[in-house]
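The values are calculated or read from the model by the stated rules, or taken from the named source; none is laboratory data. Just so it is clear, the structure is predicted and the values come from calculations on it, not from any experiment. Cβ coordinates were reconstructed from backbone atoms using ideal geometry, including for glycine residues, and neighbour counts include every protein chain displayed.
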Amino acid sequence: MLVGSSLKLLANADDLSLTTNKPEQMQLMLNRLRGYADRKGLTVNVGKSEVVHFNARSGSRLHTFSYGDEQLINTDSFRYLGMQFKKNGSMAAAAERVVPTFHAGCMRVKQFAGEHGLVDRPHTLLWLTKTYVIPSSMYASQIWGTSNMKQGAEMDCPLQTGHLCFLKRVLGVKRSTCNWSVLRECGQEPLQFYWFRSAIRFYNALLMCNSTTVRKVLGADRELSRDPGAKCWTSEILSAFEGLQDSVRCEQAVHRGTSINVQEFAVDLRARLCQTWFALDGAEPRGHEHKRATYHRWFASPVGPLIPDAAPFEVPRYLNLDLSRRVQRNISRFCLRAHRFNVERACWHTGSSGHCGVCDLQDLQDEKHALLLCKCEEVCALRLKYAHLFFEVSPQTRVSLGPDGFYYSEVCNADIQNFLRDDSNQMQFFLSDIMDIFCEAEQSNYLAEGQNPM
């Protein structure tokens with residue numbers, strides 16, 4: 001409530017909402033609305049008019065209200081200006097109502113790609129996603145998105161789930177693929193970034209609004225946030241600042257009612273989101289529990305400079321090349337550990353060692369093994385076919401098999417990084433061919449075990 005005043009009417013075009021804390025005042029306002037409408041020749045659609053008792057106790061007797069001779073329906077929620085408001089104050093329903101619009105944007109991009117022959121052009125699909133799909137998730141996110149702006153809540157919203165599902169379909173990888181890695185591979189950021197930045201712009205706009213009422217509402221909400229147990233918009237924003245380098249300065253600005261520099265805030269927020277990657281610097285891929293450590297150390301494009309107007313990740317080169325859908329999909333699956341190598345199979349099958357099943361080397365069958373260590377005849381021959389790609393790998397550990405190819409007895413992370421530094425078209429085809437060999441071998445193993453490879 002505002003000190004010394006109250007907000008009883010919200011009106012926008014033909015949408016009208018009446019608010020009060022006292023039942024008798026609500027009925028009085030409805031009677032006055034009826035009289036005004038009759039004088040002006042207006043009609044109120046009673047069938048679309050509903051009453052919500054906010055924070056009503058369960059089992060308590062609810063007041064009934066009428067408009068003229070017609071009784072209004074009591075409901076648990078109502079929609080105003082496209083937002084869904086629940087009687088318990090939860091904004092989750094508002095976020096859920098945006099999901100169909102978001103999915104419609106995804107379907108429109110998919111349809112557009114099919115009509116214009118762009119299905120095999122992932123870079124175009126990703127650009128269309130950022131241009132048309134992500135904005136469809138933004139409506140009123142400044143209000144309902146506050147609970148998803150906290151550090152650690154980046155993947156909690158159903159909209160973010162839909163975003164990731166669409167990106168995974170573009171790449172052709174399975175749904176269990178690491179979410180953070182998929183975003184980085186697609187050169188995109190969590191939706192949290194857009195929602196939080198938009199909320200700060202909204203906050204600045206409220207401060208500069210020429211409406212005294214709006215400024216009073218913001219001031220009252222700010223006062224409510226001083227109560228440690230309060231659940232209001234400002235308290236949600238304040239808790240979302242946690243993890244930012246300038247969190248203290250942002251909190252002080254909100255408490256004082258002063259503006260926040262949006263560009264500086266965007267850089268700070270990007271730095272917080274990138275912590276999931278910075279924390280993996282120096283990690284040993286084979287010994288780390290997270291798949292994204294392997295992706296970060298071996299396959300991901302470098303993290304770029306943190307600037308206000310662009311994401312710090314670039315779409316990898318193979319997604320911009322005129323490659324077949326099969327080759328693109330193979331590369332995505334290889335780089336994102338969305339394959340069925342034994343290292344991945346061991347995560348889901350109890351008792352599986354993860355060792356390679358196509359050569360006699362008792363070594364973990366992962367990307368490192370497939371690229372350089374595996375002694376399988378087909379893999380060794382494939383390395384010989386693409387021998388010019390291996391100049392940067394340690395020659396002292398190279399084991400030549402003559403005309404049958406070669407493998408390496410030992411390699412380090414630097415060898416992997418040096419090898420993958422070659423971003424030529426030939427590297428793309430080599431990675432795809434490696435996937436074909438191991439996928440065929442894996443399928444044969446499944447058939448031998450009497451299992452369905454699919």
(request) Select from segment 28-75 the residues that are of a type in the set (S, T, N, Q), surrounded by fewer than 11 Cβ atoms within 10 Å (Cβ to Cβ) and at pLDDT below 85 and list them in ascending order. (result) Asn55, Ser58, Ser60
(message) Cβ contacts < 8 Å: first residue in contact (Cβ under 8 Å) with a residue 12 or more places away in the chain and surrounded by 17 or more Cβ atoms within 10 Å (Cβ to Cβ), restricted to segment 218-240; second residue part of a loop (DSSP other than H, G, I, E, B) and of a type in the set (S, T, N, Q), any location; separation 6+ or different chain. Result?
(response) Thr234/Ser225; Leu238/Ser225; Ala240/Gln151
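Take the conditions surrounded by fewer than 20 Cβ atoms within 10 Å (Cβ to Cβ), farther than 16 Å from Phe299 by Cα and in the same structural domain as Cys335 (by TED's automatic domain parsing) and apply them to Asp415. Does it pass?
Working: surrounded by fewer than 20 Cβ atoms within 10 Å (Cβ to Cβ): yes; farther than 16 Å from Phe299 by Cα: no; in the same structural domain as Cys335 (by TED's automatic domain parsing): yes.
Spelling it out, it is not the case that Asp415 is surrounded by fewer than 20 Cβ atoms within 10 Å (Cβ to Cβ), farther than 16 Å from Phe299 by Cα and in the same structural domain as Cys335 (by TED's automatic domain parsing).
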(message) Taking the criterion of being in contact with a strand residue (DSSP E or B) (Cβ under 9 Å, 6 or more places away or on another chain) and of a type outside the set (A, V, I, L, M, F, W, C), would at least one residue in segment 221-239 satisfy it?
(response) no
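So that you can scan it fast, the table gives a plain yes or no per residue for (1) among the small types (Gly, Ala, Ser); (2) within 30 Å of Leu319 (Cα to Cα); (3) in a loop (DSSP other than H, G, I, E, B):
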{"residue": "Arg184", "(1), (2), (3)": "no, yes, no"}
{"residue": "Glu189", "(1), (2), (3)": "no, yes, yes"}
{"residue": "Phe202", "(1), (2), (3)": "no, no, no"}
{"residue": "Arg226", "(1), (2), (3)": "no, no, yes"}
{"residue": "Leu244", "(1), (2), (3)": "no, no, yes"}
{"residue": "Ala253", "(1), (2), (3)": "yes, no, no"}
{"residue": "Phe265", "(1), (2), (3)": "no, no, no"}
{"residue": "Arg270", "(1), (2), (3)": "no, yes, no"}
(message) Being modelled with pLDDT of 90 or more and within 28 Å of Leu319 (Cβ to Cβ): is that true of Ser400 here?
(response) no
(request) Among the residues of segment 245-277, write down those that are among the hydrophobic types (A, V, I, L, M, F, W, C) and either assigned by TED's automatic domain parsing to the domain that holds Arg333 or touching a residue at least 60 places away in the same chain (Cβ under 8 Å) (or both). (result) Ile260, Val262, Phe265, Ala266, Leu269, Leu273, Trp277
(message) Condition first: of a type in the set (S, T, N, Q) and in contact with a helix residue (DSSP H, G or I) (Cβ under 8 Å, 6 or more places away or on another chain). Now tell me which residues in segment 40-69 satisfy that.
(response) Thr43, Ser66
(message) The conditions are (1) part of a helix (DSSP H, G or I); (2) free of Cβ contacts under 8 Å to residues at least 40 places away in the same chain, and Val327 fails exactly one of them. Which is it?
(response) (2)
(message) Report every pair of residues separated by at least 6 positions or lying on different chains whose Cβ atoms are under 6 Å apart, first residue within segment 352-363 and modelled with pLDDT under 85, second not charged (D, E, K, R).
(response) Ser352/Ala346; Gly354/Asn342; Gly354/Val343; Gly354/Ala346; Gly354/Leu364; Gly357/Asn445
(message) Restricting to segment 208-264, name every residue that is at positive phi and modelled with pLDDT of 95 or more.
(response) Gly243
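So, restricting to helices (runs of 4 or more DSSP H) that lie completely within segment 76-171, which ones have at least 1 residues that are polar (S, T, N, Q) and in contact with a Leu (Cβ under 6 Å, 6 or more places away or on another chain)? Lay out the reasoning, then the answer.
On the way: elements: 92-115, 122-128, 141-144, 158-171.
Qualifying helices (runs of 4 or more DSSP H): 122-128, 158-171.
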(message) Would you confirm, using the coordinates I've provided, whether Arg337 is closer than 30 Å to Phe193 by Cα and in a loop (DSSP other than H, G, I, E, B)?
(response) yes
